[in-house]
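Participant: Quick one: this structure, given as structure tokens, is what I'll be asking you about.
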Amino acid sequence: MLEGRQEGEQTGILKGERTLILRQLARRVGNPSPEIRLQIQSLSLEQLEALGEALFDFSESNDLVGWLRDAESE
């Protein structure tokens, strides 16, 4: 039971982080395309946190595309 609860909490944290990142990206560089959204949804919590920090340096959507490309190659 405790394991299921922890898993649920982890899922909730991940969902919240994704939602926040997508909202921040929309304000910073515009709404991501459906393809980019799928890529973001597949990121781990650690990668989402790194993206959350990196997006402050983004000035256009190509910055996001480049970041995602680099994240895939790691």
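Participant: Name every residue in the range 9-45 that is among the charged types (D, E, K, R) and either surrounded by 15 or more Cβ atoms within 10 Å (Cβ to Cβ) or modelled with pLDDT of 95 or more (or both), in order of residue number.
Facilitator: Of everything in the range 9-45, those that are among the charged types (D, E, K, R) and either surrounded by 15 or more Cβ atoms within 10 Å (Cβ to Cβ) or modelled with pLDDT of 95 or more (or both) turn out to be Glu17, Arg18, Arg23, Arg27, Arg28, Glu35, Arg37.
Participant: Could I ask something else about it? Among the residues in the range 48-66, are any surrounded by fewer than 10 Cβ atoms within 10 Å (Cβ to Cβ) and among the hydroxyl-bearing types (Ser, Thr, Tyr)?
Facilitator: Step one: list which residues in the range 48-66 are surrounded by fewer than 10 Cβ atoms within 10 Å (Cβ to Cβ), which gives 53, 56-57, 59.
Within this subset, residues satisfying the condition of being among the hydroxyl-bearing types (Ser, Thr, Tyr) are 59.
Yes.
The values are calculated or read from the model by the stated rules, or taken from the named source; none is laboratory data. Please read these numbers as outputs of a predicted model, since none were measured by experiment. Note that we place each Cβ from the backbone using ideal geometry, even for glycine, and neighbour counts take in every protein chain shown.
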